[in-house]
Amino acid sequence: MTVSPPSTSDTRPKRPLNALVEEFLRHPCFSRNIAHVERMPARSARFENWPDSIRPELRQALAARGIEQPFSHQAEAIRHALAGKNVVVVTPTASGKTVCYNIPVIQGILEEDSSRALYLFPTKALSHDQYGELYEVTGACGKNIRVYTYDGDTPPATRRTLRDNGHIVVTNPDMLHCGILPHHTQWIRLFENLKYVVIDELHQYRGVFGSHLANVFRRFNRLCEFYGANPTFICCSATIANPSQLAAELTQRDFALVDESGAPQGERVFVFYNPPVVNRELNVRKSARLEATRLATRFIARGHQTIVFGPSRVSIEVMTTYLKRFMTRLHRDPNRVAGYRSGYLPTERRRIEQGVKKGEILGVVSTNALELGIDIGGLDVSILAGWPGTIASAWQQAGRAGRKATASLSIYIGGNSPLDQFLMNQPDYFFGRSPEHAIVNPDNLTVYASHVKCGAFELPFEDQEKFGITEPRPVLQVLEDERVVKYSGGRWHYSEDSYPAENISLRMGVNQNFIILDTGNNNRVLGEVDYNAAPFLIHDHAIYIHNAVPYYVENLEWDRRTAYVRQRNVDYYTDAESSSNIRILAVDQELENDETNPVIARRFGDVSVTTVIAKFKKVKFETHESIGYGEISVPQLEVQTEAAWFTFRESLRTQLKTDGLELPSAIQGVAHLLRILVPVHVMCDPKDVGVAGMLRGPHDQKPVIYVWDRFGGGIGLARRLFSIEQTVLKAALDVTKSCSCEGGCPACVGPPLDSGEGAKKAAQWLLESILSS
């Protein structure tokens, strides 16, 4: 199947977006695929007055930027902060959350020149973006307020200046972890005068990243207490179910909540678009990637800036390739389309950001890297090619369009996954459902112990001193046995030569990225890939795509963490496949059922998971047909983690056969559903959890389904599933009932070739038996 771009009749001069939206909704080629249209009317602003204490020069600086009065949520947050109360602000994208923290911070510096503030953003790009706006506001106040960014690119001379003289230090959690805390004696002026700490994009700090950051703040709080500081925290977040709880778990403080937005909002049309079925027998729909690029081309060709979000780095590069091809066929400049993802060099990402903001780039295809609040101007259309993982992420991505209170269009394109098809059939599940809980587990032993070691380097631990809610003494005793710390005079002193923070990554289990060198361009650094993704993306003979340009991986030197690639003109990309082996180490919780339930027991405990990446397939562009396979030779990935698992009765085999069904199909069908649904209910990336169904489990040789955290020690995802498994199983059953296929398809229990014949009925029978017992 070859995809053609829109006809040249679609390349008319730019028309008003409202007219284009209505034409799109009525167009016969698209209207038959529209599953739902949600119209959100424009909303007027609600203003309040500035607090009386706000300085005249600050008011004048804001007025010069067109801010005469604060929105109601801004005024409420500012009042809390000025009163010394920690506050978390949860309002929609582009509602002016930066004003909520900039005003108290600048006010504090205007009142007292020695006042200091620390800004934390989850990415370096966002730090640089926010620095620009902050610099303009502070400069307009007529006082020498010194603002600096502090990251890995900051020159040594500037570092000395900002440590001694910086009023506001804009940085990221990684630099706080390895650049500020271990060297706190060089940051005495900051700590002694610290009045405010700003944490933006709070919802990003969940899972392993959030678990690490909570421990970073435990270390941070020890140093604040040592220097006599008690800063006020101002946090901003997208909509999640537990913002106050998450803020408290991260910082060990109580928070006031501001969640009623007073910002205006332009009219928004949110469309659920379900691609047409191309194989009725297997109920396979047209690729969401292809439909996303087809729709994006239509809007871009008419002059409307469009952003397309995809779920993975490979999907981003594939869609960027398609869009550039479509632009070329329409005799348009393909350079007005760009991809954007992690792995691009910082200079390249900033060039793309500025290109979008200035209107030079009309179409950008991104992972969730642009989901955050980086200022790329006001886009007209946002397209989500498949489910982004969480409700919070979906709203964040949709909100990148219409950021200036103008009309906007958001299109969510359903893929072939069970969750996509469930949402297409049940849109109220998205529009009417409360958002998810963000989960952190700061007491994960691996994470906790690593930061106890860092804390000991920064300040000796006192006897009976707590680190978080528990005493670190057992960990310190182990570290003493390893000669990392030494106990003397009632205190635990660090005794190694090197500082430990440099070997601990906050964002992944292993602090080792792979560098990609272009051998056809004098070994120029092309990009980088994290440790866990390397076996899948840059193995020998892989096609690594960078901004729609394919590169062939000539050699991966695993020990040197380096991949050598060369540009090659190919019409396919590669997709690595993996399998997992599981060994149970300990059972922490066990809930046994009576004999009427097909599940013998639900268990939670510690497991060891070994992942083998042994082969890859070649997938042809546009048709997505498999055109060959190859072998992969990389080390196995092993992790000790937490898992929840369901052990089934052997008698199930006979019971299912009585109804003409097969046990393997039931197990694999339910496992396929859980693989898609678990990430939604525990609010994590699909890559954060693993799911496997086995006919003979390694523990007791009985049928079993495992769900495990992919991070060493576990970060609470499997634990959360263990507490809400009935909700997840009910959602799985709903998916099977709402799917229109006969015997199973990618939209429910998986293709028959993967799950077996009759997998849908078998999985439905098994789920109903579990839930009715």
Completion exercise
Charge dipole of the stretch 661-763 built from unit charges on the beta carbon (Lys, Arg +1; Asp, Glu -1), centred at mean Cα; most positive-end Cα among PHE722, CYS748, PRO664 is PHE722
Exercise for the section: Using Cα positions and a limit of under 18 Å, work out the lysines in reach of LYS657, with same-chain residues fewer than 8 apart set aside. Expected result: LYS702, LYS760, LYS761
Practice task
Provide the FRET efficiency to the nearest 0.05 for the GLN477-LEU82 pair, computing r from the beta carbons and using R0 = 60 Å.
Solution key: 0.85
Problem - For the stretch 481-527 and the stretch 294-322, distance of Cα centres in Å - result: 37 Å
Handout entry: Under-5 Å amide H pairs with VAL284, H placed in peptide plane, nonlocal only
Key = VAL278, ASN279
Exercise for the section: Enumerate by residue number the GluC sites (Glu not before Pro) in the stretch 595-658 meeting two conditions: DSSP loop (anything except H, G, I, E, B), and at most 13 other Cβ atoms within 10 Å of the site's Cβ. Expected result: GLU595, GLU625, GLU650
Fill in the blank from the handout: Length-normalised contact order of the stretch 219-346, Cα under 8 Å, at least 6 apart, in percent, tallies to 12 percent
Handout entry: Relative contact order (%) - criterion: Cα under 8 Å, at least six apart; region: the chain
Key = 12 percent
Exercise for the section: Whole number in Å², please: accessible area per residue of the chain, 1.4 Å probe, ligands, DNA and RNA not counted. Expected result: 39 Å²
Handout entry: Solvent exposure ordering (accessible area, 1.4 Å, most first) of TRP558, TRP395
Key = TRP395, TRP558
Fill in the blank from the handout: With a 1.4 angstrom probe the carbon and sulfur portion of accessible area for the chain, in percent, totals 46 percent
Exercise for the section: Could you tell me what percent of the DSSP beta bridges with both partners in the chain are antiparallel, to the nearest 5? Expected result: 60 percent
Problem - Sequence ranges 611-617, 207-213, 435-441, 547-553, ranked by mean other-Cβ count within 10 angstrom, highest first - result: 207-213, 435-441, 547-553, 611-617
Fill in the blank from the handout: Summing -39500 (n - 2.57) over every DSSP H run of at least 4 in the chain, dividing by its residue total and rounding to the nearest 500, the 222 nm mean residue ellipticity is -10500 deg cm²/dmol
Problem - Dipole magnitude of the chain, debye to nearest 20 (Cβ charges: Lys/Arg +1, Asp/Glu -1, about Cα centre) - result: 2300 debye
Exercise for the section: Can you spot the lysines whose alpha carbon is less than 23 Å from LYS466's alpha carbon? Ignore those fewer than 8 places along the same chain. Expected result: LYS453, LYS486
Exercise for the section: Would you mind checking which residues have amide H under 5 Å from ALA407's amide H? H placed 1.01 Å from N; only 5 or more apart, or other chain. Expected result: GLU267
Practice task
Using a 10 Å cut-off on Cβ atoms, rank the peptides 289-300, 597-608, 351-362 from the highest mean neighbour count down.
Solution key: 289-300, 597-608, 351-362
Handout entry: Within-12-Å neighbourhood charge of SER608 [Cβ basis; K, R +1; D, E -1]
Key = -2
Problem - Per the chain, cysteines lacking a partner by the 4.7 Å Cβ criterion - result: CYS29, CYS100, CYS141, CYS178, CYS224, CYS235, CYS236, CYS454, CYS684
Practice task
Arrange the peptides 220-229, 420-429, 73-82 so that the one whose residues have, on average, the most other Cβ atoms within 10 Å appears first.
Solution key: 73-82, 420-429, 220-229
Practice task
Pull out the extension gain between ASN49 and ASP700, defined as 0.36 nm times the separation in residues minus the alpha carbon to alpha carbon distance; nm, one decimal.
Solution key: 227.6 nm
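The values are calculated or read from the model by the stated rules, or taken from the named source; none is laboratory data. Computed from a prediction, not measured in an experiment: that's the story for all the values here. With ideal geometry, Cβ positions are generated from the backbone for all residues, glycine too; neighbour counts draw on all protein chains shown. Ligands, DNA and RNA are stripped out before the accessible areas are found, and what is left, the full protein with its side chains, is counted by its heavy atoms. Shrake-Rupley method; radii C 1.70, N 1.55, O 1.52, S 1.80 Å.
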